[in-house]
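Values in this text are rule-based calculations from the coordinates and carry no lab data. Quantities reported herein were computed from a predicted structural model and do not represent experimental measurements. When we count neighbours, we look across all protein chains shown, and the Cβ atoms used for this are built from the backbone with ideal geometry, even at glycine.
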Amino acid sequence: EAQVTQNPRYLITVTGKKLTVTCSQNMNHEYMSWYRQDPGLGLRQIYYSMNVEVTDKGDVPEGYKVSRKEKRNFPLILESPSPNQTSLYFCASSPDRLFAEAFFGQGTRLTVV
Amino acid sequence: ILNVEQSPQSLHVQEGDSTNFTCSFPSSNFYALHWYRWETAKSPEALFVMTLNGDEKKKGRISATLNTKEGYSYLYIKGSQPEDSATYLCASVPTSGSRLTFGEGTQLTVNP
């Protein structure tokens, strides 16, 4: 089954403790991206990747890192999480940039206390 | 940052009613307009991707139109059903294809 898989689905952590949210797609898509969803602000892009080893900042990259060492994986890294990073996070992939529809993961609800 | 706006913010209709929502977007540097359906506790699912001025797409009782010159898209739902209850998101894509800029969505509730 074609899908984008995020892990974990839920995470409660403490300020400053490094964490990684994994994202994997099995559709051989070149494009992958991360979004955060906050009430009243909609979905905002954090980082995106056009292909392996090619990543770029989105609209709200501060406090996040990403890597794209393999086509299928695009982890989101929070080196030192802070409470303002409490949010719902989505990973998405698309065959060729965003000229076609994006496929979203199930979401990761992160709480930083 | 492109400013994508959706209206109304929320909408309550009765089963069987037809309804429509609006998405407005800057028409400069525009490549495509995406519509997604997002049910609570699930992930957004694509409904349509439209690129050409005058595009019309249809999927069952849901259809969408695109006007790139004036920068708006309409989503129509004919004969709403309770299972249509969801948040409907639109997002614009620039010519680089690098990002989706989302509106805040229209939350639709269909009462039986």
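Using the Cα centre of chain A as origin and beta-carbon charges of +1 (Lys, Arg) and -1 (Asp, Glu), tell me which of A:39, A:52, A:83 is placed farthest towards the positive end of the dipole.
Most positive-ward Cα: A:83.
Enumerate lysine pairs in chain A that are 8 or more residues apart or on different chains, then count those whose Cα atoms are under 21 Å apart.
Close lysine pairs found across chain A: 7.
Please arrange A:1, B:83, A:101, B:15 by counting, for each residue, the other beta carbons lying within 10 Å of its beta carbon, fewest first.
A:1, B:83, B:15, A:101
Arrange A:50, A:32 by Cβ neighbour counts within 10 Å, fewest through most, would you?
A:50, A:32
Fewest first, what order do B:66, A:78, B:52 take by the number of other Cβ atoms within 10 Å? It would help to have the intermediate numbers written out before the result.
Values: B:66 25, A:78 21, B:52 9.
In increasing order of surrounding Cβ atoms, one gets B:52, A:78, B:66.
Starting from the 7 Å offset along Cα-to-Cβ, what nm value, one decimal, do you get for the label separation of residue A:11 and residue B:74?
Label-label distance for residue A:11 and residue B:74, simple model: 4.4 nm.
Please list 3J(HN,Hα) in residue order for the range A:105-113, calculated via the Karplus relation 6.51 cos²θ - 1.76 cosθ + 1.60 where θ = phi - 60°; whole Hz, with x for glycine and proline.
x, 7, x, 10, 8, 10, 10, 10, 10
Using a 10 angstrom cutoff on alpha carbons, build the Gaussian network for chain B and name the most mobile of B:31, B:74, B:88.
The residue with the greatest mean-square fluctuation here is B:31.
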